[in-house]
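Asker: Got a structure for you, questions after.
The numbers here are math on the coordinates, done by the rules we state, and not lab data. For clarity, every value in this text was computed on a predicted model and none was experimentally measured. Glycine also receives a Cβ, built like all others from the backbone with ideal geometry; neighbour counts cover every protein chain displayed.
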Amino acid sequence: MTLLQVEKISKDFVQKDGSTYNIFDNISFSIKRGECFVIIGPNGTGKTTLLRILGLLEPPNKGKIFFEEKEITNVSKAEKVKYRRKISFVRQKPVVLDTTVFNNIAFGLRVRDVDKKIINSKVSNIIDLVGLEGMEKKKARHLSGGEMQKVVIAMNFIITPEIYLLDEISANLDPQNVKLLEQFILKIKHEDEKTIIMSTHDPSEAIKFADRIGVLINGTLSQVGTPQEIFRSPKDEFTAMFIGYENIFHGQARIEQNTGLTIINLQDLDIKASIPREGEVKACIRPESIGISKHPPIETSYQNTLKGTITEIRDFGNIYHVIIISHEEKFLTTITQHSLLTLNLKIGDEVYIYFKATDVKCL
């Protein structure tokens with residue numbers, strides 16, 4: 001059943017010089033009751049603004065929003081309050097009231113007229129869950145950053161709304177609170193009829209939680225689909241780059257008659273793909289799909305084996321990016337520190353890179 005329907009919404013902001021800046025334009029999508037819909041995209045693309053519009057915290061310039069088939073884009077103040085009580089909006093930065101930990105956590109229940117005994121019981125339970133025992137009477141604004149984050153998590157997850165709007169919620173959390181937050185999200189996902197709409201710039205977070213993903217890039221919702229659809233078959237170059245296809249090559253494709261594989265010519269070299277394509281294409285390969293060795297691979301399932309030279313090695317701690325030039329084309333692969341040391345790779349070494357035809361995605 002469709003819970004929220006968004007039809008052709010646009011949002012503009014007026015800048016200091018009086019000019020108008022368009023955040024996004026003509027966005028449409030629907031969200032089913034009980035699903036986790038994740039909006040991904042780079043910072044500054046309007047993810048927070050989109051969530052604020054869905055929460056009726058600010059209006060769109062154009063378009064309509066429907067909740068259970070009723071339009072709520074421009075409703076009375078009373079209707080807006082009624083709708084917003086069905087929502088929990090968890091912001092990126094922790095915001096607490098200037099009162100005690102207990103009162104902060106109880107606030108959402110009180111404005112919903114929950115019985116006092118039930119409030120006391122619920123607050124007590126969630127304080128134990130988040131690890132704030134003994135801090136009930138402390139002023140929330142006097143707590144440490146990590147403790148304040150726990151208060152915010154408790155404030156937003158003690159209520160049981162129909163919709164949770166989660167805005168980049170792990171961006172400013174320490175590892176302990178990220179784990180705590182994940183436990184709450186997974187708990188909500190297993191509760192019937194609870195809907196989550198969350199934004200993130202982290203593709204791995206989207207994979208972990210999403211039933212469906214919407215990719216917000218350059219002011220448009222460029223693709224909506226399941227995590228498998230988005231990450232296996234990105235529809236455009238921006239999406240491919242954002243979700244990790246850092247190797248993107250422009251070439252001409254033709255189908256090889258005897259094998260049925262697609263041969264993509266990149267000037268001085270050919271690579272093979274399993275997806276049938278002809279004409280001009282963009283071939284995308286994830287760095288982790290490309291193997292590297294100092295000898296040709298023995299495994300015959302790798303339809304692509306190329307000889308090249310290491311031109312750069314980037315140290316990211318336990319992970320290294322290795323740049324290989326083959327026939328003037330630059331390939332990026334990722335390996336562990338252990339593999340780098342085992343293979344004894346150095347800049348200037350001649351190596352072989354290899355990948356499967358199924359690892360090549362065509363746009």
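Asker: For labels at residue 80 and residue 99 in the simple 7 Å Cα→Cβ model, what's the distance in nm?
Answerer: Placing both labels 7 Å along Cα→Cβ, they lie 2.3 nm apart.
Asker: How high is the relative contact order of region 245-362, given as a whole-number percent (alpha carbon pairs under 8 Å, six or more residues apart)? Walk me through the numbers on the way to the answer.
Answerer: Details: 272 pairs, mean separation 36.6, N = 118.
Relative CO of region 245-362 lands at 31 percent.
Asker: Turning to a different aspect of this structure: At q = 0.12 Å⁻¹, what is the base-10 log of I(q)/I(0) for the chain according to the Debye formula with one equal point scatterer per Cα and no solvent? Please give it to two decimals.
Answerer: -0.98
Asker: Follow-up. Measure up 11/77; 82/137; 8/70 against 24 Å on the Cα-Cα distance and list the ones that go over.
Answerer: Working: 11/77 21 Å; 82/137 31 Å; 8/70 16 Å.
Over 24 Å Cα-Cα: 82/137.
Asker: Apply the a/c threshold of 1.5 to the C-alpha gyration tensor of region 295-350 and tell me whether it is rounded, prolate or oblate.
Answerer: Details: a/c = 1.85, a/b = 1.30, b/c = 1.43.
The shape class here is oblate.
Asker: Which whole-Hz couplings ³J(HN,Hα) result when phi for each residue of region 135-147 is put into the Karplus expression 6.51 cos²θ - 1.76 cosθ + 1.60, θ = phi - 60°, listed in order with x for Gly and Pro?
Answerer: Working through the residues one at a time gives 10, 3, 9, 6, 5, 4, 6, 9, 7, 5, x, x, 5 Hz.
Asker: Would you work out which of 341, 322, 171 lies farthest towards the positive end of the dipole of the chain, given +1 charges on the beta-carbon of Lys and Arg and -1 on that of Asp and Glu, about the Cα centre?
Answerer: Projecting each Cα onto the dipole axis, the largest value belongs to 171.
Asker: Considering the alpha-carbon set of region 1-94 alone, what are its Rg and its Dmax in angstrom?
Answerer: 13.8, 45
Asker: Treating cross-link reach as a plain straight distance, find the lysines whose alpha-carbon is under 30 Å from the alpha-carbon of residue 330, omitting any fewer than eight places away in the same chain.
Answerer: Qualifying lysines at Cα under 30 Å: 235, 272, 282, 294, 307, 346, 356, 361.
Asker: Would region 169-315 count as rounded, prolate or oblate if I go by the C-alpha gyration tensor, calling it rounded below 1.5 in a/c and otherwise prolate when a/b exceeds b/c, oblate otherwise?
Answerer: Numbers: a/c = 2.41, a/b = 1.82, b/c = 1.33.
Since a/c reaches 1.5 and a/b is larger than b/c, the shape of region 169-315 is classed as prolate.
Asker: Which FRET efficiency, nearest 0.05, do residue 116 and residue 235 yield, Cβ-Cβ r, R0 41 Å?
Answerer: Details: r = 53 Å, r/R0 = 1.29.
It comes out at approximately 0.20.
Asker: Select from 191, 68, 205 the residue whose mean-square fluctuation is largest in a Gaussian network model of the chain (Cα-Cα springs shorter than 10 Å).
Answerer: Between 191, 68, 205, it is 191 that shows the largest mean-square fluctuation.
Asker: From the residues 203, 181, 213, which one has its Cα farthest along the dipole of region 149-222 in the positive direction, the dipole being from +1 and -1 charges on Cβ of Lys/Arg and Asp/Glu about the Cα centre?
Answerer: Among 203, 181, 213, the one farthest towards the positive end of the dipole of region 149-222 is 181.
Asker: For the chain, what does -39500 (n - 2.57) per DSSP helix run (n ≥ 4), summed and divided by total residues, give at 222 nm, in deg cm²/dmol to the nearest 500? Working shown, then result.
Answerer: Working: 10 runs with 95 residues, N = 363.
Calculated at 222 nm, the ellipticity per residue is -7500 deg cm²/dmol.
Asker: Another one. Straight-line reach from residue 208: which aspartates and glutamates have Cα under 19 Å away, leaving out those fewer than 8 places along the same chain?
Answerer: Partners within reach: 35, 167, 168, 174, 182, 191, 192, 229, 288.
Asker: To continue, here is another question. Taking only Cα atoms and a 10 Å spring cutoff, compute GNM fluctuations for the chain and point out the largest among 181, 221, 343.
Answerer: Fluctuation is largest for 343.
Asker: Right, another one. Going by a ≥ b ≥ c, the root eigenvalues of the Cα gyration tensor, does region 111-190 fall in the rounded group (a/c under 1.5), the prolate group (a/b larger than b/c) or the oblate group?
Answerer: Working: a/c = 1.74, a/b = 1.09, b/c = 1.60.
Verdict is oblate for region 111-190.
Asker: From the C-alpha gyration tensor of region 102-142, pull out the three semi-axes of the equivalent ellipsoid (sqrt of 5λ each), sorted largest to smallest, in whole Å. Present the calculation step by step, with values, prior to reporting the outcome.
Answerer: Values: eigenvalues 63, 30, 11 Å².
For region 102-142, the semi-axes come out at 18, 12, 7 Å.
Asker: If you average 1/r over every pair of different alpha-carbon atoms in region 245-362 and take one over that average, what Kirkwood value in Å do you get?
Answerer: Numbers: mean 1/r = 0.0686 Å⁻¹.
Computed over Cα pairs of region 245-362, the Kirkwood hydrodynamic radius comes out at 14.6 Å.
Asker: Highest first, please rank the peptides 89-97, 211-219 by the mean number of other Cβ atoms sitting within 10 Å of their residues. Write out the running numbers ahead of the final one.
Answerer: Working: 89-97: 16.7, 211-219: 20.2.
Averaged packing, sorted descending, gives the order 211-219, 89-97.
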